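Data block below; observations after.
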Amino acid sequence: MSRIAEIGTDLDRAAKLLRSGELVGIPTETVYGLAGNALDARAVASIFRVKERPSFDPLIMHLPSLERVADYVTEIPAAAVKLARAHWPGPLTMVFKRKPIVPDLVTSGLKTVAIRVPAHPLAQELLKKLDFPLAAPSANPFGYISPTRAKHVQKQLGAKISYVLDGGNCPVGLESTIVSFTDSAPLLLRKGGLTIEAIEGVLGHPVEFNTHSSSNPQAPGMLAKHYSPATKFYLADEMESSNQLTQELERLPSERKAYLLFGETTVAGCTDSRVYRFETSDEGIITAASSLFATLRELDEGNYDAIVASLAPERGLGRAINDRLRRAAAK
Ligand code: TXA
Ligand code: MG
């Protein structure tokens with residue numbers, strides 16, 4: 001395809017493309033997805049190709065409602081139903097044991113499948129028009145920052161797909177939280193747009209966080225290095241304990257460095273002109289989450305030698321923000 005993807009709000013066009021096995025960029029309230037028919041192995045294969053995603057990294061299947069989930073999974077535990085009733089549609093993905101109808105390619109051969117019911121009105125309308133689920137990873141090249149605007153998708157994947165459905169700026173701005181229901185107790189696989197506090201509030205007990213090895217990740221969004229800008233990325237909090245990082249950074253001219261800071265954090269040598277500052281009130285953190293990825297992209301495109309970020313308070317969405325910042329800074 002030599003033309004660049006068009007951006008528009010034509011749901012029928014998006015549905016038609018998807019029915020014919022093509023991929024479409026779609027808005028969700030978390031991030032934009034690169035969607036294809038989850039039951040069409042050829043469409044799913046092209047998702048991996050377009051995204052340059054390793055085949056061991058399974059995809060999330062998107063459905064319009066909880067009612068449709070039973071078609072694809074062998075069992076929905078009572079606790080999952082409770083969570084779904086409270087937080088679907090929304091920024092929550094749940095992993096279940098799958099039925100054979102789910103193609104191996106979607107789940108990378110796993111006997112489980114990740115399912116999400118997104119809340120974005122355009123995603124909802126689109127899913128209701130279709131008689132198949134949509135497999136949709138975040139619509140970024142593997143390892144890069146997830147897209148939260150239609151133009152992010154167009155810029156990075158526009159040469160490989162023909163249409164991006166424009167749903168505006170993604171209001172949550174961080175990928176969905178993933179909870180697995182395939183063992184005896186629910187397990188948190190990825191921190192994301194639904195807070196742990198909200199999940200534990202519904203379940204009525206603490207949820208364990210999966211700490212598996214990153215060489216055999218259950219959720220490769222959990223790979224140590226992920227969500228990364230191309231520009232060198234430093235965590236202010238890590239520099240405090242590393243002379244080497246501090247010296248590395250001090251050698252760069254100050255106009256070549258940009259900063260993304262929370263609250264009152266100060267970093268030696270930084271001047272106000274290149275600082276994005278987020279507030280640490282509950283409202284401020286929600287705003288920070290929704291603009292984090294767009295801000296990182298802007299800084300990444302700003303031709304700096306380094307981006308320095310400080311961490312958010314470790315509560316609510318701050319946990320997911322910090323997770324993404326730590327992975328972006330991972331070597
Ligand atoms: O918010 C989101 O979840 C976005 C929007 C588009 O829905 N999607 C998204 O997809 O973030 P992706 O592919 O970038 O991340 C999906 C994560 C991966 O880390 C993958 O390993 C994990 O979900 N995953 C998928 N199927 C799984 C399974 N059966 N078991 C465990 N993890 C799974
Ligand atoms: Mg992703």
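The values are calculated or read from the model by the stated rules, or taken from the named source; none is laboratory data. Just so it is clear, the model here is predicted, and its values are computed rather than measured. Counting neighbours? That spans all protein chains shown, and the Cβs are built from the backbone with ideal geometry, glycine included.
Working carefully through the options 148, 112, 93, find the one that is more than 10 Å from ligand 1 (Cβ to nearest atom) and of a type in the set (Val, Ile, Thr).
Among 148, 112, 93, only 148 is more than 10 Å from ligand 1 (Cβ to nearest atom) and of a type in the set (Val, Ile, Thr).
When residues of region 9-23 are filtered for being farther than 16 Å from residue 64 by Cβ, hydrophobic (A, V, I, L, M, F, W, C) and either within 16 Å of ligand 1 (Cβ to nearest atom) or assigned to a loop (DSSP other than H, G, I, E, B) (or both), how many remain?
Selection size over region 9-23: 1.
Filtering region 93-114 down to residues that are within 16 Å of ligand 2 (Cβ to nearest atom) and surrounded by 22 or more Cβ atoms within 10 Å (Cβ to Cβ), which residue is farthest from residue 164 (Cα to Cα)?
95
So which helices (runs of 4 or more DSSP H) are wholly in region 48-132 and hold at least 2 residues that are β-branched (Val, Ile, Thr) and assigned by TED's automatic domain parsing to the domain that holds residue 20? Give the steps one after another, and end with the answer.
Values: elements: 78-87, 104-107, 121-129.
Correct list: 104-107.
Are any residues in region 80-118 of a type in the set (A, V, I, L, M, F, W, C) and touching a Phe, Trp or Tyr at 6+ places or on another chain (Cβ under 7 Å), and if so, which ones?
Matches in region 80-118: 80, 94, 95, 96, 101, 102, 113, 115, 117.
For region 275-331, how many residues are within 18 Å of residue 264 (Cβ to Cβ) and touching a residue at least 60 places away in the same chain (Cβ under 8 Å)?
7
Take region 115-145 and flag every residue that is of a type outside the set (A, V, I, L, M, F, W, C), under 14 Å from the mean Cα position of the chain (by Cα) and over 15 Å from residue 164 (Cα atoms). Please lay out each step first, then the result.
First, pick out the residues of region 115-145 that are of a type outside the set (A, V, I, L, M, F, W, C): 116, 118, 120-121, 124-125, 128-129, 131, 133, 137-138, 140-141, 143-144.
Keeping just the survivors that are under 14 Å from the mean Cα position of the chain (by Cα) gives 116, 118, 137-138, 140-141, 143-144.
Passing the criteria: 116, 118, 141, 143, 144.
How about region 157-191: which of its residues are under 27 Å from residue 110 (Cβ atoms) and more than 11 Å from ligand 1 (Cβ to nearest atom)?
157, 160, 161, 183, 184, 185, 186, 188, 191
Would you please name the residue that is farthest from ligand 2 (Cβ to nearest atom), looking only at residues in region 24-44 that are in a helix (DSSP H, G or I) and in contact with a helix residue (DSSP H, G or I) (Cβ under 9 Å, 6 or more places away or on another chain)?
Among those residues, the one meeting the criterion is 41.
Is one or more of the residues making up region 162-171 touching a strand residue (DSSP E or B) at 6+ places or on another chain (Cβ under 9 Å), surrounded by fewer than 21 Cβ atoms within 10 Å (Cβ to Cβ) and either of a type outside the set (Lys, Arg) or closer than 25 Å to residue 208 by Cβ (or both)?
yes
Please specify each residue of region 267-304 satisfying the condition of being aromatic (Phe, Trp, Tyr) and at positive phi.
Of everything in region 267-304, nothing turns out to be aromatic (Phe, Trp, Tyr) and at positive phi.
Can you pull out the strands (runs of 3 or more DSSP E) entirely within region 224-331 that have at least 2 residues that are in contact with an Asp or Glu (Cβ under 6 Å, 6 or more places away or on another chain) and not assigned by TED's automatic domain parsing to the domain that holds residue 179?
Hits in region 224-331: none.
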